[in-house]
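Enquirer: My structure is below; once you've seen it, I'll send some questions.
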Amino acid sequence: MEKKILALSFLFLFTYSLCQAQERFKGSLVGGVVLAQLDGDRLAGFNKFGFQAGAKVNTILTDRWSLGIELLYSQHGSSRTLNDSPAAVFEKINLNLVEAPVMLYFKDWKFELGAGLSYGRLINYSATDIFGEDVTDTQDYATDHVLLNIGVGFNFTEDWTLDVRWSRYLTNVQADPGAGTFIGKNIAVRGIYNL
């Protein structure tokens, strides 16, 4: 009888701990579009459209504060428009990254403000010159990047959030500093489904 009481007590404590953990952590799926540009490539504006998708987990610290980590696939780069300088040698630069942002969030009413840093790993890239030629082999871009992120989200319901995030590379996209400085900037508009 004592073993049954001990086993039931253990089962109760284990279930209670799982319930507490579920209140402590919140998982989400993330998907949206990215408007990107590179400072230094002589192409202006956030004209490069890309996608961002992944997942995130927030640790609830208090009613208003949480700490989150994400794992994302992100498309960055730049793209020419008719108004860009004729001195710009690129038509388009595509950068595909795996990104891991760590964000601190403050929530008030239905709004959530976030700021943090992310590590981005360049998994592949391509570049096209103004004549439409593939010049990827002539380019050498750095593989490891650190980005600054600032964002705001609006919680429509408990399940759905619309998030807008601005990010800026703190590292040079160019692997060789002698080739110039490309600094990426992005605006991501994302839908977040809270599990």
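The values are calculated or read from the model by the stated rules, or taken from the named source; none is laboratory data. Keep in mind it's a predicted model, so treat the numbers as computed, not measured. Because the Cβ atoms are built from the backbone with ideal geometry, glycine has one as well, and the counts that use them run over all protein chains shown. Please note that ligands, DNA and RNA were not included when accessible areas were found on the heavy atoms of the full protein model with its side chains. Shrake-Rupley method; radii C 1.70, N 1.55, O 1.52, S 1.80 Å.
Enquirer: Specify which residue in the list I187, L97, L61 is farthest towards the positive end of the charge dipole of the chain, using unit charges on the beta carbon of Lys, Arg (+1) and Asp, Glu (-1), about the Cα centre.
Expert: After comparing all options, I get L61.
Enquirer: Might you report the magnitude of the Cβ-based charge dipole of the stretch 93-195 about its Cα centre, with Lys and Arg at +1 and Asp and Glu at -1, to the nearest 20 debye?
Expert: 480 debye
Enquirer: Next up: Relative to the longest principal Cα axis of the chain, at what angle does helix 2-24 sit, 0 to 90 degrees, rounded to 10?
Expert: That helix lies at roughly 30 degrees to the long axis.
Enquirer: Treating only the Cβ atoms of Lys and Arg (+1) and Asp and Glu (-1) as charged, compute the dipole magnitude of the chain about its Cα centre; round to the nearest 20 debye.
Expert: The calculation lands at about 780 debye.
Enquirer: Å³ per residue of the Cα convex hull, for the chain?
Expert: 139 Å³
Enquirer: What net charge do the residues around A115 carry, taking every other residue with its C-beta under 14 Å from that of A115, with Lys and Arg at +1 and Asp and Glu at -1?
Expert: My count for the surroundings of A115 gives 0.
Enquirer: Turning to a different aspect of this structure: Quick one: ranking W166, W160 by accessible area, 1.4 Å probe, largest first, what do you get?
Expert: Putting W166, W160 in descending order of accessible area: W160, W166.
Enquirer: Under 12 Å from the Cβ of Y73, count the other residues' Cβ atoms, weight Lys and Arg +1, Asp and Glu -1, and hand me the total.
Expert: Computed value for this residue: -1.
Enquirer: Hey, another quick one. Need the C-alpha centroid separation for the stretch 160-195 versus the stretch 28-71, integer Å.
Expert: One Cα centre to the other: 7 Å.
Enquirer: Further question on the same structure: Run the numbers on the chain and let me know its relative contact order in percent, using alpha-carbon pairs under 8 Å that are six or more apart.
Expert: Value for the chain: 21 percent.
Enquirer: Same structure, new question: Tell me the net charge near D129. Cut-off is 15 Å between Cβ atoms, D129 excluded, with +1 for each Lys or Arg and -1 for each Asp or Glu.
Expert: So the surrounding residues net to -3.
Enquirer: Next question. Student exercise: in the chain, how many lysine pairs 8 or more apart or on different chains have Cα atoms under 28 Å apart?
Expert: 12
Enquirer: Here's something else I'd like to know. With every protein chain present, what is the per residue accessible area of the chain (1.4 Å probe, Å²)?
Expert: For the chain, the per-residue accessible area is 58 Å².
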